[in-house]
Amino acid sequence: MANRRERERQALGDLRDLAKSGVTTRELFRELDGLLPSVVGFDAVCWHHTDPLTGLPTSMVSTTLDPRGMTHAMDLEFGNEDVGTMAQMQAQGSLVAAISQTTQGRPERSVRMREHLSGYGFGDELRLRCDLGEGSWGFAAFMREKARGPYSDEELRFVGQANRLITGALRRAHLPRTAPTEPPPVPAVVILGSSDELIAADQPGQALLLELADSAFDVLAVPAAFLVTARLARLTEADPAGIPAAMRVQTRDGQWIILRGSVLHGVGTAQVVVTASTPTPAEIMPVVLSSHGLTRREQLVTGEVLHGGSTREIAKALSLAQVTVQDHLKSIFAKVGVHSRGELVALLSLGGPRPGGTDLGPAPGRE
């Protein structure tokens, strides 16, 4: 039997091959379900696509968890102070975290462990945030039964090594392979009830529910993106300073849409309306640039190029040396796969403001 180091080398090699294979995100999740257990002992796993800028989960992909527990999980995730939440990991730049680790061996200190995970017999949870500084492309939670003990330092180390390969594969999978033949079914309207059950949808909304179908949809008839948006709308209604009920979601053919949630008011109503629309250039340009692996500084340089700035003008606008701007442009051309500013503009030009913050969150990336 191969020892642990050999299993790790084999798994990383398989991951490299998988990352180069051009699989879709859902195919990638399915392959990872079979590949990772040889080196990371988990009993259940849940994968999420995420809004690249905010890190909010936009899907649920799992064959081992009951989606009916997602609403409670989201309330605990976004409505309570806890350790190792998605928001905390994003704010701290953490990529891998286990409850046993963040609680110093006392998992009962975690709200989600006490009130949710322990009820399913789990004793530890390992989280993976797929973000290497160019955007958040996915999130995963690996649950382990209590009888198996906590995750080991070796397992955490391996997941950290695997993260770069997984994230790279996810980011590349978000690049459309071919030009879409039809626009997404937006604008669209979907109304969810007090328990986030489907109440009504217009015709585009019905098409969009099918387009975004995931593990949650298979059981609840509502995709996770709508469930998360609805929960955030309810939480924001109670606390306006909370996380905005809005997210970017990618369709199966690579097009981006914006979901926004709002609580309806009236006698006896506890409903949420979720609308879907086409993103503005300011909302989507940072995602387009991030999907090519551009850093925050490279995104700013690209924004100036798209608005016709010369090397001298870009250097002045961003307080950079001209030679630094030229170095950034070389890196940008290589990542995007073009050879000139004209080709870059032709490929990326969407008009609108320069890349930067929007009401859907700040642009990602590290300098």
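Annotations for the structure displayed:
- Among the residues of the stretch 104-131, those identified as buried (at least 18 other Cβ atoms within 10 Å of the Cβ) and either more than 13 Å from Val45 (Cα to Cα) or more than 23 Å from the chain's Cα centre (by Cα) (or both) are Pro107, Ser110, Arg112, Met113, His116, Phe122, Gly123, Arg129, Cys130, Asp131.
- For the stretch 210-218, the criterion of being assigned to a helix (DSSP H, G or I), surrounded by fewer than 16 Cβ atoms within 10 Å (Cβ to Cβ) and not charged (D, E, K, R) is met by at least one residue.
- Condition broken by Ala162, with the remaining ones in (1) free of Cβ contacts under 8 Å to residues at least 60 places away in the same chain; (2) within 24 Å of Gly293 (Cα to Cα) satisfied: (1)
- Selection from the stretch 252-291 of residues that are part of a strand (DSSP E or B) and charged (D, E, K, R): Arg260
- All of (1) at pLDDT below 95; (2) more than 30 Å from Ile191 (Cα to Cα); (3) part of a helix (DSSP H, G or I) hold for Gly365 with one exception: (3).
- For the stretch 244-264, the count of residues that are surrounded by fewer than 19 Cβ atoms within 10 Å (Cβ to Cβ), among the small types (Gly, Ala, Ser), touching a Leu at 6+ places or on another chain (Cβ under 8 Å) and farther than 28 Å from Leu300 by Cβ is zero.
- Only listed residue being under 24 Å from Gly242 (Cβ atoms) and at pLDDT 90 or above, chosen from Leu35, Leu56, Leu15: Leu56
- Evaluation of His72 against (1) surrounded by fewer than 15 Cβ atoms within 10 Å (Cβ to Cβ); (2) in contact with a His (Cβ under 9 Å, 6 or more places away or on another chain); (3) modelled with pLDDT of 95 or more (one fails), failing number: (3)
- Boolean, Val222 is closer than 26 Å to Arg171 by Cα and assigned to a loop (DSSP other than H, G, I, E, B): yes
- Of the residues making up the stretch 125-140, those that are among the hydrophobic types (A, V, I, L, M, F, W, C), in a strand (DSSP E or B) and within 27 Å of Glu6 (Cβ to Cβ) are Leu126, Leu128, Cys130, Ala140.
- Subset of the stretch 271-323 [at pLDDT 90 or above, in contact with a His (Cβ under 8 Å, 6 or more places away or on another chain) and not hydrophobic (A, V, I, L, M, F, W, C)]: Arg297, Glu298
The values are calculated or read from the model by the stated rules, or taken from the named source; none is laboratory data. Nothing here was measured: the structure is a model prediction, and the numbers come from that model. So basically every Cβ, Gly included, is an ideal-geometry build from the backbone, and we count neighbours across all protein chains shown.
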